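Chemist: What follows is a single structure, and I will ask about it in a moment.
The values are calculated or read from the model by the stated rules, or taken from the named source; none is laboratory data. What you are looking at is a predicted structure, and each value in this text was computed from that prediction instead of being measured. Here the Cβ positions follow ideal geometry from the backbone for every residue, glycine too, while neighbour counts run over all protein chains shown. Quick note on the areas: whole protein, heavy atoms, side chains included, nothing else; ligands and nucleic acids left out. Shrake-Rupley method; radii C 1.70, N 1.55, O 1.52, S 1.80 Å.
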Amino acid sequence: MKSLAGILLASTSILAVLQVGPVRAQAQQVGAAAPNSEEDLEQVVVTAQRTEQRLQDVPMSVIAISQAKLNEENITNVNDLMVVAPGLSIFDTTGNRNGTTYAIRGQGAGFGGPPGVISYFAEVPNFSNFLYDLTDVEVLKGPQGTLFGHVSEGGAVLFAPHKPTENDLNGYADVRLGDYDRHDFEFALGGALIPDKVFFRVSGESLRADGFTTNIENGQKLDDEDRESFRVSLVLKPWERFENYTLLQYERINEDGTGFILQHIVENADNGAVYPQLQSYLAQQQAIGPRAVDVNESFYGQPFNYQTQTGGINTTTFEATDFLTLKNIYSYRGTRGSDIYSIDSTPLNLLLVSNGIGGNPDTITWSEEAQAQWKASLGGVNLNGVLGYYHDVTRSSGPSVGFDIIEYVGFPIRAAALSLNSFSQTTGEFGQVEAKFLDDKLSVVGGIRRNDASSSSLGQTVVLYPTFIPGGTGITGPLPPATNPSTSTSNSPPEYSWNGSVEYKFTPDLNGYVSVRRGYKPGGVNALLPPPYSTFGPETNTDYEGGVKMSQDIGGWKIQANVDVFYDDYMNIQRFENTLTVPAATYTTNVGNGTIYGTDIDFTIVPSQLFDLTVSYTWLHTGYDSWVDPVLGNLKGNRFPNAPDSQLTVTPTIHLPTPEAWGKISAHATAYYQSLVCGDPYNMPNGNALEELTVPDACYSGYLRLDLRADWAKMYGSNFSSAVYVKNATNKLYIVGTDNQLNAASGTGVVTYGAPRMWGVEFRYAF
């Protein structure tokens, strides 16, 4: 690493004249010119309503993050997106840092339940979270569905890959080097095979870094980064009104697992015999600190996380007439993965989980969406709208080991959930119409969607008592007691979601809107559990929102501001609970109703070409109107999980007045603040001993994180750019997730910490 340190020192010397400061919302890519005019502030184009619009003209709360902004903020992983998109909460709650959970306005996914926020990649739901060679990322807050393939009640995150449409050969190569042996490489190359007719683009990314948490048992480095992805795109335009766009992508993650840090222990009926040992391990954990763990290898080996996905998207667009466009989007992907992790994070392995070990077949997902987009003019009223149909299927055929657990219940047992097959599907028919009056100053929108969902699973639970616990890899040896194969089926009744909004443009640069939207999350099955736990019902959310968007030049200061307030009725809320069974398990159930309200404030100020400031803030209040559990008692006082009251990002940027021949030199800082947040739905004491087993460390304190970066774009007029950066500059210790789904059984509680301070340099060539 001495040579790398030398590189950093040299780069720092080159940029030593820089002061520290950040980027505006429409930040330039390394090598791009800095925006410095009112026009730059206004011309942010988004596709939040599946058509290109100015951000200022969309009647909902939207945050747009360009690929240049992602690059400037060193965001290569979706876990960091909330730093530039307050109101979007992302937490690690499913056994590894790649099992991220999105939440917006207090609505996300419980452990094992369906998502409340849907991510889209090239307009396909839940296809990919890789963040290279994109045009932008858009965060849409509030229910979606009357324009989108899938339905959601909390919002949507849209990833738009760079589509090949340019005739000239273009692309870039990007190298990042840093401590923890960081060495990343990213590239893209595209252009025309036949000018104006056939376009291609190939791109890829490789991310490598050593882990920052050490397992003292064997020296293994947890929390490493080892992932790669490759993408090939082809656009065919045989004639003017027809386009076919095909995208193929491969992804692989092969990492050493997540470092879960033991935070507390609670004595219970199961762990009494080993409680003194647990106390000593907790004392040891406190002594070695949050960047080390002590976890034994299992008979499967060391903790790890392995995932692969191969998939494709085909989008065909046909402009049948001047007023009618037909569009079809088809996707297919196969995923495979396995992982091992210790939920209790001690050498005792009180709760050791293995997923997909010894054979895990592909999970196949395909989706089909057809749209008819139209526009017309009638009596001076401009009309446009869409009619659409969406259908997706996810299928996994077994047999496979879906969930293999070693659990201590006074003595060790081993249990395996054998999945024989599973199936789920959703269907939606949707439509939306927009009418514009008064020379397009007044816009009225109405949309509706019919939702159908069903799911089923066939599986079996096998429990291996001490004399039957085998070695090797896989379930072998004498057959132990087992449940009979069981089938769980859920067929949710048709549900309707809808959208209505009114927007008025007071001036071209000042408009206001009000909207009301109803979102929906389907029910599902809890595999391998008997009635009444085998299924759960849908939940709904009705969102009321009003906002103002403006862009003005006041006394030479260019100002852009977006402000909204919202109120949500959250009904039939889905939450996961722990079963009082051996082996331990979780299930999703509907618990009650809730109320949500808050505000989003985003503004950018450009007083001169030398400085700009962007501030984004979300304040959120959540609360249950009712939640009474027959075993755990009155739970109304619990806080919503994954719902901080406050999220704030402040980003000032300095643009140095250098000679034009030098290139563009800028420096910025990004300060992100997040208030207290809870990772477990059971987080406040209510006098019930069982409920309070999960309360310790279910919530964690807020934090302030500071990132710094300096850029030298188009160095001396060339195609080369460079940057030096520091993430988490103050080395703040903060929690980003918990893994307490089953910890009531072992009496242990663990958390996942954010990355420590990391520095690096970046070199980019773009043409």
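Chemist: According to a simple spin-label model (label point 7 Å from Cα along Cα-to-Cβ), what is the distance in nm between GLU228 and ARG208?
Modeler: So the label points at ARG208 and GLU228 sit 0.9 nm apart.
Chemist: OK, next. How large is ³J(HN,Hα) for each residue in region 756-764, as worked out from phi by the Karplus curve 6.51 cos²θ - 1.76 cosθ + 1.60 (θ = phi - 60°), to whole Hz, x for Gly and Pro?
Modeler: Calculated HN-Hα couplings, in order: x, 4, 9, 10, x, 10, 9, 10, 9 Hz.
Chemist: Ordering TRP557, TRP498, TRP627 from largest to smallest accessible area (1.4 angstrom probe), what's the sequence?
Modeler: Result of the area sort, largest leading: TRP557, TRP498, TRP627.
Chemist: Pop out the ³J(HN,Hα) list for region 366-381 in order, Karplus 6.51 cos²θ - 1.76 cosθ + 1.60 with θ = phi - 60°, rounded to Hz; leave Gly and Pro as x.
Modeler: 9, 9, 9, 9, 10, 10, 10, 9, 9, 8, 7, 10, 9, x, x, 9
Chemist: Which pairs in the list LYS141/LYS727; LYS69/LYS141; LYS163/LYS558; LYS521/LYS727 are over 25 Å apart, alpha-carbon to alpha-carbon?
Modeler: Those over the limit are LYS141/LYS727; LYS163/LYS558; LYS521/LYS727.
Chemist: Further, regarding this structure: How far apart, in nanometres, would the label points at TYR389 and ILE194 be if each is projected 7 angstrom from Cα along the Cα-to-Cβ direction?
Modeler: 3.2
Chemist: How far is it, in nm, from the label point at ILE216 to the one at ASP440 when both lie 7 Å from their Cα along the line to the Cβ?
Modeler: My value for the distance between the label points is 6.7 nm.
Chemist: Work through the residues other than CYS699 whose Cβ is under 10 Å from its Cβ and net out their charges, Lys, Arg +1 and Asp, Glu -1.
Modeler: Residues near CYS699 contribute -1 overall.
Chemist: Now for a separate question. Tell me the accessible surface of MET571 in square angstrom (1.4 angstrom probe, heavy atoms of protein chains only), to the nearest ten.
Modeler: Looks like 80 Å² after rounding.
Chemist: Now for a different question. Between the helical axis of 275-288 and the dominant principal axis of the chain, each derived from Cα atoms, what acute angle in degrees is found, rounded to the nearest 10?
Modeler: That works out to roughly 30 degrees.
Chemist: Would you rank ARG757, ARG176 by solvent-accessible area, highest first, keeping every protein chain in place and using a 1.4 Å probe?
Modeler: Solvent-accessible surface, decreasing: ARG757, ARG176.
Chemist: For VAL463 and TRP662, calculate 0.36 nm times their separation in residues minus their Cα-Cα distance, and state this gained length in nm to one decimal.
Modeler: 64.7 nm
Chemist: Could you give me D for region 256-388, from Stokes-Einstein at 37 °C and 0.692 mPa s, where the hydrodynamic radius is the Kirkwood radius over C-alpha pairs? Units µm² s⁻¹, please.
Modeler: Stokes-Einstein gives a translational diffusion coefficient of 164 µm²/s.
Chemist: Scan around ASP344 for amide H atoms under 5 Å from its own, H built in the peptide plane at 1.01 Å from N, and keep only partners 5 or more places away or cross-chain.
Modeler: The answer is LEU350, LEU351.
Chemist: Further, regarding this structure: For the chain, what is the mean residue ellipticity at 222 nm derived from helices alone (per DSSP H run of n ≥ 4: -39500 (n - 2.57); sum divided by total residues; nearest 500 deg cm²/dmol)?
Modeler: One gets -1500 deg cm²/dmol as the mean residue ellipticity at 222 nm.
Chemist: Show LEU676, LEU247, LEU529 ordered by accessible area, largest first, where the area counts protein heavy atoms only and the probe is 1.4 Å.
Modeler: In descending accessible area the options line up as LEU676, LEU529, LEU247.
Chemist: Here's something else I'd like to know. Can you give the charge dipole size of the chain about its Cα centre, rounded to the nearest 20 debye, using +1 on the beta carbon of Lys and Arg and -1 on the beta carbon of Asp and Glu?
Modeler: Computed about the Cα centre, the dipole is about 380 debye.
Chemist: What does the highest-first list of 366-379, 253-266, 208-221 look like by mean Cβ count within 10 Å?
Modeler: The packing order, highest mean first, is 253-266, 208-221, 366-379.
Chemist: Taking the alpha carbon gyration tensor of region 51-140, what are the square roots of 5 times its eigenvalues, largest first, to the nearest whole Å?
Modeler: In descending order the semi-axes read 22, 16, 13 Å.
Chemist: Now for a separate question. Can you list the lysines whose alpha carbon sits under 16 Å from that of LYS436, skipping same-chain ones fewer than 8 residues off?
Modeler: Partners found: LYS375, LYS505.
Chemist: Also, quick follow-up: With an 8 Å Cα cut-off and a minimum separation of 6 or more residues, compute the relative contact order for region 118-224 in percent.
Modeler: Here the relative contact order equals 20 percent.
Chemist: Can I ask one more? By per-residue mean of other Cβ atoms within 10 Å, what is the highest-first order of 80-90, 639-649?
Modeler: 80-90, 639-649
Chemist: Now for a separate question. At 1.4 Å probe size, what's the solvent-accessible area of HIS621? Round to the nearest 10 Å².
Modeler: 70
Chemist: Now for a separate question. Karplus couplings for region 702-711 from phi (6.51 cos²θ - 1.76 cosθ + 1.60, θ = phi - 60°), rounded to Hz, Gly and Pro as x?
Modeler: Once rounded to whole Hz, the list reads x, 7, 10, 10, 10, 10, 10, 7, 10, 10.
Chemist: Which whole-number percentage describes the relative contact order of region 705-767, with Cα contacts under 8 Å and a sequence gap of 6 or more?
Modeler: 37
Chemist: How much accessible surface area, in Å² rounded to 10, belongs to the heavy atoms of VAL516 with a 1.4 Å probe?
Modeler: 40
Chemist: More than 14 Å apart: what percent of Cα pairs in region 127-214 qualify?
Modeler: Value for region 127-214: 73 percent of Cα pairs lie more than 14 Å apart.
Chemist: How much length is gained if the chain between PHE423 and ASP553 is pulled fully straight, taking 0.36 nm per residue apart and subtracting their Cα-Cα distance, in nm to one decimal?
Modeler: Extending this stretch completely gives an extra 41.2 nm.
Chemist: Averaged across orientations, what area in nm² does the convex hull of the alpha carbons in region 627-728 project?
Modeler: Over all viewing directions, region 627-728 projects a mean Cα-hull area of 8.9 nm².
Chemist: Counting alpha carbon pairs within less than 8 Å and at least 6 residues apart, what relative contact order, in whole percent, applies to the chain?
Modeler: The value is 14 percent.
Chemist: Still on this structure, please answer the following. How large is the Kirkwood hydrodynamic radius of the chain, in angstrom, based on all distinct alpha carbon pairs?
Modeler: In the chain this quantity evaluates to 27.3 Å.
Chemist: Based only on Cα atoms, what mean projected area does the convex hull of region 568-695 have, in nm²?
Modeler: 11.7
Chemist: Additional query: Taking 0.36 nm per residue of separation and subtracting the Cα-Cα distance, what length does fully extending VAL650 through ALA273 add?
Modeler: Answer, rounded to one decimal: 130.6 nm.
Chemist: Taking the Cα atoms only, what angle lies between the long axis of helix 2-14 and the longest principal axis of the chain, rounded to 10 degrees?
Modeler: Helix 2-14 sits at roughly 30 degrees to that axis.
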